[in-house]
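To start, the structure under review is shown below, and the notes come after it.
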Amino acid sequence: MGLRPVKMAKVRLIGLKSNLERTIGALESYGGIEIRKVHAKGLDNIRAFAGHDETIAKMLRAEAMLSRMQPTQAKARMGEKETSEFLKSKEFREILERIEKTASEIEGAEGEIANLQDMKARLRKFSNFGIDFGKLASSSVEIVAGIVPAGKGEAARKAIEAIPDCSFAQKPASKNTTMFIVALAKGRDQQLENVLKTGFERVTIPQIGSTPQKAIKSTECAIAELEARKAALEKELGKISAQFYPKVAACHELLGIQAGKSNAASAFAGSLHSFIVEGYLPEGKFARFSQEMRDEFGERIEIIKISAQELERRHEEAPTLLEHPKILGPFEFMTKFVSIPKSNEIDPTMIFLLFFPIFYGMMVGDVIYGLVSFILARWIMSKVTPDNILKPISLVWMWSAIPTIIFGFIFDEFLGVSHTEIVARFTGAEHVVLYHGLERIHNIELLLGITIIVGVITIASGFGLGLVNALSHGNRKHAIAKGAWLGLTLFGSAAVGTMAYSVFPAQFLTPFTAVAALCVAVIIWAEGFMGIIEIPSVMGNILSFARIIAVGLVGAIIATILNDMAFPSLDKGALLILLIPLYIAGHLMNAGLAMFESLIQGARLNYVEFYSKFFEGGGREFSPFKFERKYTKSDT
């Protein structure tokens, strides 16, 4: 844990090609090195192992079977040898066939049920007609059915009546439509032209040999039979899943591992008898890695280490590994959410941990609102799944509620009321003063000055961190520029504060101004004309911190208005029935607005105003060569 990612070293392994498969297995067993594809002049990349495509095909088939089974927990993980033998066994093939057959029958039943449900829906449109459709077949008469909107039913009826030698029946099809069944001589469809103009929409007549009511009952019976058959098949599939899901999952997992190892071979480059591969690992773990490789291969492998310092000298970017205690995981997530730091720059996780809760606490700044923040964040955290983005955000929010409560005591705000006023309102005891808080509404100028000072300190810290980054990269000119920006931020702010508000004695104004001017000259030398353009933006960044007091004041003023208009004191009598829910709802809404705005503005002050002074990002996260094992275990 610290202000920098873990130092990474590069490792180059050279070994015998006959040991290639063992080497890949050893690297996977170690599980802490990221393999990088080697591009070496005169050497070709090694192809995936023989049977790679067949392994992939088997894995996909097993995956398809698992998608149809009901997941069950494994009592114990299977060894690789045991899993491999089961994978080749007749029992495994029979299980797959049973699953495929049962799943296929379930899908067939579902398809038939869907078709019958569709048939039933179409029959319902004709259910008001007591006609036996089996007796309508004729070589000289054509039967046409159609639906028209209820408002056009009369016009359709008149158009049909105008057709010579035609008979029809009409019934309501639904609340808003009317169904017509028309019998006319075959080959005279053109006579329906005027009927179609009324909105008449033709409907296919079901091919049934009875009345719609009888056909519906028959269809419902068929659906019930299919549902029962489907339930029996699902029960059978459930039994298969209970007995064999862990074994099939173990096979799928092992096939995935085998495919991954086979594919890893393509990262190696080789000649006729030897191979070379490169990878990254934490520098502090190189000794252990080297020992494990020596234990496995002895002198038959050559291990070359390229240190983090050498990588920095070569300007070679290693993958980034952030290591923080589990409790800081949410703050690490917030860092990665913006951008993964480069391996050789400052990791802002601890900085976010320090600054964001303080900004949030200063803006909300109420003891009760802080408690509401904590409870609400804790409730959200308990309701979302571990992989939900709201999980880490709610944890950061919950942490930030603690300084909110602390600042609430500093500002002496409890739902916008001081502790003295609370005691007076509820007990009648006046002038009970336990301490004098820094009430925001009555100390606006002082708090505005404090927030500007916080802005100066934050922006200066950002440039200071940028200076450290530049020095560690060996970029002297960039480091000088960052130092000049740091000096301009501190001495320029001091000069403005002395000139406008007499923050320092007047005799300090000239040296402050001179140092600030010198810093501007250095910035122009280091960054050119663009440096001058950036100066107003830095001033704007500092003034942006005034939003801390602005957001806080809005919440405090709304709370004061609620307390003046709707405070449910005992002297309000029967009005308490209305005032109590109004008062609670008002403060909950105000707390919600304050929390939301403070989360957004607090994040902005960090990500935009602060991080822009030192953080580059764009790193690539360390991804070690290892496989997650849930159903299998290594035999070694």
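Results, tabulated for the structure shown:
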quantity: Residue in segment 562-577 that is touching a residue at least 24 places away in the same chain (Cβ under 8 Å) and within 24 Å of residue 360 (Cα to Cα) present; calculated: yes
quantity: Those residues of segment 608-635 which are over 15 Å from residue 537 (Cα atoms) and outside any loop (DSSP other than H, G, I, E, B), in sequence order; calculated: 621, 632, 633
quantity: Qualifying positions in segment 178-206 - buried (at least 18 other Cβ atoms within 10 Å of the Cβ) and part of a strand (DSSP E or B); calculated: 178, 179, 180, 181, 182, 184
quantity: Index of the failed condition, residue 154 passing every other in (1) charged (D, E, K, R); (2) in contact (Cβ under 8 Å) with a residue 12 or more places away in the chain; (3) more than 15 Å from residue 217 (Cβ to Cβ); (4) not in a strand (DSSP E or B); calculated: (2)
quantity: Test result for residue 593, touching a Pro at 6+ places or on another chain (Cβ under 8 Å), without any contact (Cβ under 8 Å) to a residue 40 or more places away in the chain and not small (Gly, Ala, Ser); calculated: no
quantity: Sole residue being modelled with pLDDT of 90 or more and of a type in the set (A, V, I, L, M), chosen from 228, 242, 215; calculated: 228
quantity: Whichever residue in segment 531-547 is in contact with a Leu (Cβ under 8 Å, 6 or more places away or on another chain) and not charged (D, E, K, R) and, among such residues, is farthest from residue 602 (Cα to Cα); calculated: 535
quantity: Options 387, 412: the member that is in the same structural domain as residue 448 (by TED's automatic domain parsing) and touching a residue at least 24 places away in the same chain (Cβ under 8 Å); calculated: 412
quantity: Helices (runs of 4 or more DSSP H) (entirely within segment 389-482) containing at least 3 residues that are at pLDDT 90 or above and open to solvent by 50 Å² or more (accessible area, probe 1.4 Å); calculated: 390-411, 444-472
quantity: Among (1) among the hydrophobic types (A, V, I, L, M, F, W, C); (2) surrounded by 13 or more Cβ atoms within 10 Å (Cβ to Cβ); (3) farther than 30 Å from residue 112 by Cβ, the one test that residue 215 misses; calculated: (3)
quantity: Check on residue 287, out of contact with any Asp or Glu (no Cβ under 6 Å at 6 or more places or on another chain), free of Cβ contacts under 8 Å to residues at least 12 places away in the same chain, among the aliphatic types (A, V, I, L, M) and open to solvent by less than 80 Å² (accessible area, probe 1.4 Å); calculated: yes
quantity: Candidate set from segment 527-582 (those that are part of a helix (DSSP H, G or I) and among the hydroxyl-bearing types (Ser, Thr, Tyr)); member that is surrounded by the fewest Cβ atoms within 10 Å (Cβ to Cβ); calculated: 537
quantity: Residue that is nearest to the chain's Cα centre (by Cα), among those in segment 379-388 that are open to solvent by 50 Å² or more (accessible area, probe 1.4 Å) and over 21 Å from residue 589 (Cα atoms); calculated: 388
quantity: Candidates 310, 345, 332, filtered to the one that is open to solvent by 20 Å² or more (accessible area, probe 1.4 Å), among the charged types (D, E, K, R), assigned by TED's automatic domain parsing to the domain that holds residue 393 and under 18 Å from residue 6 (Cα atoms); calculated: 332
quantity: Counted residues, segment 238-269 - those being over 18 Å from residue 52 (Cα atoms), open to solvent by 10 Å² or more (accessible area, probe 1.4 Å) and either outside any helix (DSSP H, G or I) or among the hydrophobic types (A, V, I, L, M, F, W, C) (or both); calculated: 2
quantity: Condition met for residue 266 (free of Cβ contacts under 8 Å to residues at least 24 places away in the same chain and in contact with a strand residue (DSSP E or B) (Cβ under 6 Å, 6 or more places away or on another chain)); calculated: no
quantity: Some residue of segment 23-45 being more than 34 Å from the chain's Cα centre (by Cα), in contact (Cβ under 8 Å) with a residue 40 or more places away in the chain, under 22 Å from residue 317 (Cβ atoms) and open to solvent by 80 Å² or more (accessible area, probe 1.4 Å); calculated: yes
quantity: Filter pass, residue 321 being open to solvent by 30 Å² or more (accessible area, probe 1.4 Å), within 19 Å of residue 17 (Cβ to Cβ), of a type in the set (A, V, I, L, M) and in contact (Cβ under 8 Å) with a residue 40 or more places away in the chain; calculated: no
quantity: Long-range neighbours under 7 Å by Cβ, at least six apart or interchain, first residue touching a residue at least 40 places away in the same chain (Cβ under 8 Å) within segment 527-542, second of a type outside the set (A, V, I, L, M) and open to solvent by 30 Å² or more (accessible area, probe 1.4 Å); calculated: 542/493
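Residues checked against (1) more than 27 Å from residue 88 (Cα to Cα); (2) of a type outside the set (A, V, I, L, M); (3) touching a Leu at 6+ places or on another chain (Cβ under 7 Å):
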{"position": "202", "(1), (2), (3)": "yes, yes, no"}
{"position": "206", "(1), (2), (3)": "yes, yes, yes"}
{"position": "221", "(1), (2), (3)": "yes, yes, no"}
{"position": "227", "(1), (2), (3)": "yes, yes, no"}
{"position": "230", "(1), (2), (3)": "yes, yes, no"}
{"position": "236", "(1), (2), (3)": "no, yes, no"}
{"position": "251", "(1), (2), (3)": "no, yes, yes"}
{"position": "258", "(1), (2), (3)": "no, yes, no"}
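The values are calculated or read from the model by the stated rules, or taken from the named source; none is laboratory data. Every value quoted in this text rests on a predicted model; they were computed, and no experiment measured them. Using ideal geometry, Cβ is built from the backbone for each residue, glycine included, and neighbour counts are taken over all protein chains shown. Keep in mind that these areas ignore ligands, DNA and RNA; they rest on the heavy atoms of the full protein, side chains included. Shrake-Rupley method; radii C 1.70, N 1.55, O 1.52, S 1.80 Å.
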